[in-house]
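K.L.:
Take a look at the following structure, please.
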Amino acid sequence: MNYPQNSKGFWKVTAAVSAASLVTFFNLYLVQPLLPIFATKYQISALAASSVLSAAMLGMALGLLLLASLSDAIGRRKILLSSIILVPCISLIIGLAQPESFHYIVALRFFQGLFLAGVPAVAIAYLAEQLNANALIKSVGIFIAANSLGGIGGRLLGGWSADLLGSWQMAFVLVAMLSLLMGIAVCFLLPAEAPKAISPWRLLHSLSHYKQHLANSQLVCAYLVGGVGFGVFINQFSYLTFILADAPYSLPASITSLLFLSYLGGTFTASSAGRIAQRYGGKSCILIGLMVMVAASVLSLSGQLWVLLLAMVISSMGFFFSHAQASAWVNQHATNAKASASALYTISYYVGAASGGALMQPFYSAWGWAGIVAFSVAALLVVACGAWIFLKPNNRANQTAKWGYIDQR
């Protein structure tokens with residue numbers, strides 16, 4: 001279509017894809033402030049309760065592997081629309097089913113994750129097909145902002161609706177109904193794709209590139225920065241909801257959900273990441289982001305609530321700064337098949353988040369929040385050492401030309 005910037009078509013496409021992003025991240029993250037409620041209701045551990053989030057992220061990782069290549073065969077629009085209709089339907093089923101078994105919820109969340117992958121898998125490729133080059137830059141910026149707002153909004157909706165409406169099920173119902181309304185709007189706004197020759201489904205062809213990417217130490221380091229960094233970051237927040245729900249804080253879900261407003265600090269640092277990297281280099285910025293996370297983790301050991309919240313704001317700033325640099329690093333250092341290289345980064349991002357909770361659990365059981373901090377600091381320092389050894393400093397002029405990152409919150 002090649003809609004120009006600020007045209008009517010530009011705003012329709014951008015609004016539709018951004019609304020689809022909101023639907024995706026509302027439904028992914030609404031459960032995070034509810035984890036202590038699940039643990040109490042079903043009499044399960046913090047690790048078991050967090051599986052309702054990690055299962056969806058694991059499903060997303062698998063869905064990303066499949067849907068990006070499938071969209072070449074059946075079209076991006078079909079993937080987008082299927083995702084934003086099926087995802088809230090599964091949330092509605094979870095909210096209305098009154099399940100007696102927690103495993104039933106986890107299984108549904110895994111399948112929901114497969115469909116949640118639809119938007120991040122194809123959104124930017126769809127925008128590139130609809131907009132001209134200048135319009136694409138502005139539209140992707142708006143889409144990334146929607147990712148951030150969706151992550152924050154989903155957590156706030158989950159926590160507040162569970163408290164105000166009296167049950168965690170109503171949180172799912174409310175988010176599902178809001179998402180369906182937004183999904184209907186997207187169906188009307190999203191332009192049809194231009195007719196083109198049908199491409200065969202090239203999953204095996206795409207998979208063949210992954211072996212090449214995994215042999216590139218520059219890319220592997222970036223994948224570890226994204227996977228370990230997000231695994232530490234997201235699961236610190238998950239375990240922190242249990243800390244804040246217990247004595248001496250004893251905060252309800254509606255209050256603990258406000259914790260996720262600290263993500264706004266990450267929105268600020270991610271938005272400035274490109275400019276700073278052009279001056280100081282991507283490797284230095286990756287290391288700075290990781291070390292800020294280490295410092296924030298140590299600061300969080302203070303027993304004072306306001307210091308703990310400040311630490312999470314600082315951690316958010318550090319994580320999203322390093323994440324922005326690492327995802328850009330993939331774009332800069334993939335020698336070919338850049339789409340599959342970026343897909344592998346996103347997969348590692350969500351696999352890290354899905355597995356981080358299980359890896360932290362023994363430390364949490366033995367030492368509580370201090371154990372979480374010990375694990376986090378150790379993992380981040382190991383990744384930082386790997387980045388220091390294996391990442392090669394960028395040619396900054398080349399870096400300026402190639403800057404760009406994927407933001408999945």
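K.L.:
For the subset of the range 143-152 comprising residues that are closer than 14 Å to residue 262 by Cβ and small (Gly, Ala, Ser), which member is surrounded by the fewest Cβ atoms within 10 Å (Cβ to Cβ)?
P.N.:
148
K.L.:
Go through 329, 367 for me and flag whichever is on the phi < 0 side of the Ramachandran plot and surrounded by fewer than 22 Cβ atoms within 10 Å (Cβ to Cβ). Can you show your working first?
P.N.:
Numbers: 329 fails: surrounded by fewer than 22 Cβ atoms within 10 Å (Cβ to Cβ).
Result: 367 is the single residue among 329, 367 that is on the phi < 0 side of the Ramachandran plot and surrounded by fewer than 22 Cβ atoms within 10 Å (Cβ to Cβ).
K.L.:
While we're looking at this one, here's another question. Would you confirm whether or not the range 19-41 contains a residue that is under 17 Å from residue 143 (Cα atoms), of a type in the set (Gly, Ala, Ser) and surrounded by fewer than 24 Cβ atoms within 10 Å (Cβ to Cβ)?
P.N.:
yes
K.L.:
Restricting to the range 1-18, give me the number of residues that are surrounded by fewer than 16 Cβ atoms within 10 Å (Cβ to Cβ) and in contact with a Gly (Cβ under 8 Å, 6 or more places away or on another chain).
P.N.:
Residues flagged as surrounded by fewer than 16 Cβ atoms within 10 Å (Cβ to Cβ) and in contact with a Gly (Cβ under 8 Å, 6 or more places away or on another chain) within the range 1-18 amount to 1.
K.L.:
Can I ask one more? Given the structure, is residue 188 in contact with a helix residue (DSSP H, G or I) (Cβ under 7 Å, 6 or more places away or on another chain) and in a helix (DSSP H, G or I)?
P.N.:
Considered against the rule, which asks whether it is in contact with a helix residue (DSSP H, G or I) (Cβ under 7 Å, 6 or more places away or on another chain) and in a helix (DSSP H, G or I), residue 188 comes out as no.
K.L.:
Looking at the structure I just gave you, is residue 228 closer than 30 Å to residue 308 by Cα, modelled with pLDDT of 95 or more, open to solvent by 20 Å² or more (accessible area, probe 1.4 Å) and assigned to a helix (DSSP H, G or I)?
P.N.:
Working: closer than 30 Å to residue 308 by Cα: yes; modelled with pLDDT of 95 or more: yes; open to solvent by 20 Å² or more (accessible area, probe 1.4 Å): yes; assigned to a helix (DSSP H, G or I): yes.
When the stated conditions are applied, residue 228 passes them.
K.L.:
Additional query: Can you name every residue in the range 119-142 that is open to solvent by 10 Å² or more (accessible area, probe 1.4 Å), of a type outside the set (Gly, Ala, Ser) and assigned to a helix (DSSP H, G or I)?
P.N.:
Going through the range 119-142, the residues open to solvent by 10 Å² or more (accessible area, probe 1.4 Å) turn out to be 120-121, 124-125, 128-129, 132-134, 136-138, 140-142.
This time we only want the ones that are of a type outside the set (Gly, Ala, Ser), so: 120, 124, 129, 132, 134, 136-138, 140, 142.
The answer is 120, 124, 129, 134, 136, 137, 138, 140, 142.
K.L.:
Still on this structure, please answer the following. Residue 383: over 18 Å from the mean Cα position of the chain (by Cα) and part of a helix (DSSP H, G or I), yes or no?
P.N.:
Yes.
K.L.:
Also, I was wondering about something else. Enumerate the pairs (first residue in the range 375-390 and open to solvent by less than 20 Å² (accessible area, probe 1.4 Å); second residue anywhere and modelled with pLDDT of 95 or more and outside any helix (DSSP H, G or I)) with beta-carbon separation below 8 Å, excluding pairs fewer than 6 apart on the same chain, so at least 6 apart or on different chains.
P.N.:
Close Cβ pairs satisfying both conditions: none exist.
The values are calculated or read from the model by the stated rules, or taken from the named source; none is laboratory data. Here the structure is a predicted model, which is why all the values come from computation and not from measurement. Neighbour counts are summed over all protein chains in view; Cβ atoms, including those assigned to glycine, are modelled from backbone coordinates with ideal geometry. Ligands, DNA and RNA are stripped out before the accessible areas are found, and what is left, the full protein with its side chains, is counted by its heavy atoms. Shrake-Rupley method; radii C 1.70, N 1.55, O 1.52, S 1.80 Å.
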